[in-house]
Each structure stands twice: as structure tokens, then as C-alpha cells.
Amino acid sequence: PLSISFGTVAVGSTTTQNAMLSNTGSAAVTVSQATISTSNFSLLGVSFPMTVGAGQVVPVQIQFAPQQAGNLSGTLSVTSNATNGTVSVALTGTGTATGLSLSSTTLNFGNVQVGDTGSETATLTNSGNSSVTISQMTTSGTGYSASGVGAGQVLTAGQSVSITVTFTPTATGSATGTVTITSNATNSPTTITLAGGSHLVNLSWTASTSTVVGYNIYRGTVSGGPYTLELNATAISGTSYTDTAVVAGQSYYYVVTAVNSSGVESVYSNQASATVPTP
């Protein structure tokens, strides 16, 4: 035929069509070359120059191996010493690609206190030109869960959905995990890396030798002050305090003052410091 359509083929796959090169004249013809205008198509099993006798038919196999998605075309040109010179065959086919992409492949929850819940989202997009079917979404790591897609869900080309991941720590310390989305996309599985933690700072001090009603705790983020935040609303009667309002990766500097019954505070204690780990 003078035109061949290969239909729809996935990128990375191949299909072939058969054609016949016929010498319809009464003398032998020498075919000097056959070229194809694009690398998406190729000839198989033939070499040139080739002599085709009068009335002879030579089978030719043409392969379509799309290298990108979309409607693709090319031209097979067969050059010979026949009276009609070069014969051209139009080649067409459609390459399809399936692929999932994420707006973020890493979600960091920072510092979340035990019993609280942190939430982060990522957008999952079908970046190919054909539909993708999700087979499952699984989550690993203590305290992590995810929602947004389920088994059997189909994402059409260009469609996006939101993946919501929550982190509810059950113990202090750092925690890592993953969200894994399995599908029939060519780049399956698609993975989100998760990081978070639950950290706090435990403070304790020696009781004042004077008569006091309690203590105030001050915090700053620069060594030596200023200490801009008084952590407690009223004076603490004991000699310990737990600071839960801390941020991952941040260093804190603490001082304590003693408070007497008249509300008069002592000078600052010696400074203590703590750095909250980064997940």
C-alpha cells in the first residue's frame, strides 16, 4: 500500500506491518536505498542495494516504535532505477504514554505533639495522554495515613487528584514513612517520602534557697537573650517544666526566675539550651 496506519501503540512498545515491493515491469530493477524520515519507524530484514526481477514481489516489514506520545507520521521513500524513480509510502501511528507525577515527592510534617495530628497534601496528576488505573495506595511508617485515591480509580489524561497524608504520633521521637501508589502507569510505583517527629524539651532546676511561691520560665532563640517568651501564665510551684511548643530544627535558650509572694522576680538563672531534631 501507499499508506500504512499502525494504530495506537504505547511508548516503549513496538508493532509491525507488512508491505510488498513489486516489480510490475518487464526488466529487473535495482533498488539503491530505502529511507524513512523519522526514527519512530524502521525497516526490518532488508538490505540495499537490492535487485528485484521482473514480476518479483519482495516482502518488506515496517516497524513502529513510538519514542514519544502523540500522533506521529513519517515517509518511507524507496529509490531505484525504475522509470517511476522514487516511490513513497505514508506512515502514521499514535504513541501513547501513561505516567503519574506528584507536586511533591517529599512531605515533612515538622514537629507534631503526641496526640495531635498534622496534615500535608500533594497533587497526583496523570501526565500522560491515556488513562491510568490505580491498583492500590499503601502507607508505611508509624502514625501515618493517606487518602485521596483508591483501588480501581481511573485518572484520565491530564486529570489531577489531591492526596492527603496525616501524621498522628503515638510516641516521642522522629518518624519516617512512605506513601506508595501502584498503577498501570509506565513509571509505577509512585512514591512520597514522609518525615516528621514528636519532640519536647524537659526542663528542671534546683530550688531556690529563698522563700518563693514559684518560678517563671523564659525562652529565646538567641544564646544570651533576649528571652522574649514567658512560657508559663502563672508561677510554677515545682522545679520542672515541659516545653511542647517547639519547632523541628530550631534551637532554644531557657532561663528561670524565682518569684516571691510580692511578685518580685529574681535575676535570670544560668542559661540552658536545647535543639529540636529535624525529621
Check off (1) modelled with pLDDT under 90; (2) more than 42 Å from the chain's Cα centre (by Cα) for LEU229 and give me the number that stays unchecked.
(2)
Out of everything in segment 233-246 that is surrounded by fewer than 13 Cβ atoms within 10 Å (Cβ to Cβ) and in contact with a strand residue (DSSP E or B) (Cβ under 6 Å, 6 or more places away or on another chain), what residue ends up being modelled with the highest pLDDT?
SER240
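Residues checked against (1) more than 24 Å from PRO279 (Cα to Cα); (2) small (Gly, Ala, Ser); (3) in contact with a strand residue (DSSP E or B) (Cβ under 9 Å, 6 or more places away or on another chain); (4) touching a residue at least 40 places away in the same chain (Cβ under 8 Å):
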{"position": "THR142", "(1), (2), (3), (4)": "no, no, yes, no"}
{"position": "VAL149", "(1), (2), (3), (4)": "yes, no, yes, no"}
{"position": "THR156", "(1), (2), (3), (4)": "yes, no, yes, no"}
{"position": "THR186", "(1), (2), (3), (4)": "yes, no, yes, yes"}
Quick check: is even one residue across segment 193-211 open to solvent by 40 Å² or more (accessible area, probe 1.4 Å), under 30 Å from ALA146 (Cβ atoms) and either assigned to a strand (DSSP E or B) or touching an Asp or Glu at 6+ places or on another chain (Cβ under 7 Å) (or both)?
yes
It is to be established whether one or more residues within segment 257-279 are open to solvent by 50 Å² or more (accessible area, probe 1.4 Å) and under 30 Å from SER103 (Cβ atoms).
yes
Only residues that are open to solvent by 70 Å² or more (accessible area, probe 1.4 Å), under 16 Å from SER160 (Cβ atoms) and part of a strand (DSSP E or B): list them for segment 118-137, please.
THR121
Please work out which residue is most open to solvent (accessible area, probe 1.4 Å), limiting yourself to segment 212-227 and to residues that are closer than 20 Å to TYR252 by Cβ and either part of a strand (DSSP E or B) or in contact with a Gly (Cβ under 7 Å, 6 or more places away or on another chain) (or both).
PRO226
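Only one residue in SER210, SER131, SER174, SER198 is modelled with pLDDT under 95 and under 30 Å from THR94 (Cβ atoms). Which one?
Details: SER210 fails: under 30 Å from THR94 (Cβ atoms); SER174 fails: under 30 Å from THR94 (Cβ atoms); SER198 fails: under 30 Å from THR94 (Cβ atoms).
Of SER210, SER131, SER174, SER198, the one residue that is modelled with pLDDT under 95 and under 30 Å from THR94 (Cβ atoms) is SER131.
Would you say LEU91 is under 26 Å from THR186 (Cβ atoms) and hydrophobic (A, V, I, L, M, F, W, C)?
Numbers: under 26 Å from THR186 (Cβ atoms): yes; hydrophobic (A, V, I, L, M, F, W, C): yes.
So LEU91 fits the description; yes.
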Which ranges mark the strands (runs of 3 or more DSSP E) fully within segment 5-60 that have 2 or more residues being in contact with an Asp or Glu (Cβ under 7 Å, 6 or more places away or on another chain)?
none
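Being buried (at least 18 other Cβ atoms within 10 Å of the Cβ), among the hydroxyl-bearing types (Ser, Thr, Tyr) and closer than 30 Å to LEU155 by Cβ narrows it down to one residue among THR98, THR14; which is it? Lay out the reasoning, then the answer.
Details: THR14 fails: buried (at least 18 other Cβ atoms within 10 Å of the Cβ).
Criteria check complete, one pass: THR98.
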Among the residues of segment 30-68, what is the count of those that are within 22 Å of THR16 (Cα to Cα), of a type outside the set (Ser, Thr, Tyr), free of Cβ contacts under 8 Å to residues at least 24 places away in the same chain and loosely packed, with under 12 Cβ neighbours inside 10 Å?
1
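The values are calculated or read from the model by the stated rules, or taken from the named source; none is laboratory data. Worth saying up front: this structure is predicted, and the values here are computed from it rather than measured. Methodologically, a virtual Cβ is constructed for each residue, glycine included, from the backbone with ideal geometry; neighbour enumeration extends over all protein chains shown. The area values use the complete protein model at the heavy-atom level, side chains included, leaving out ligands, DNA and RNA. Shrake-Rupley method; radii C 1.70, N 1.55, O 1.52, S 1.80 Å.
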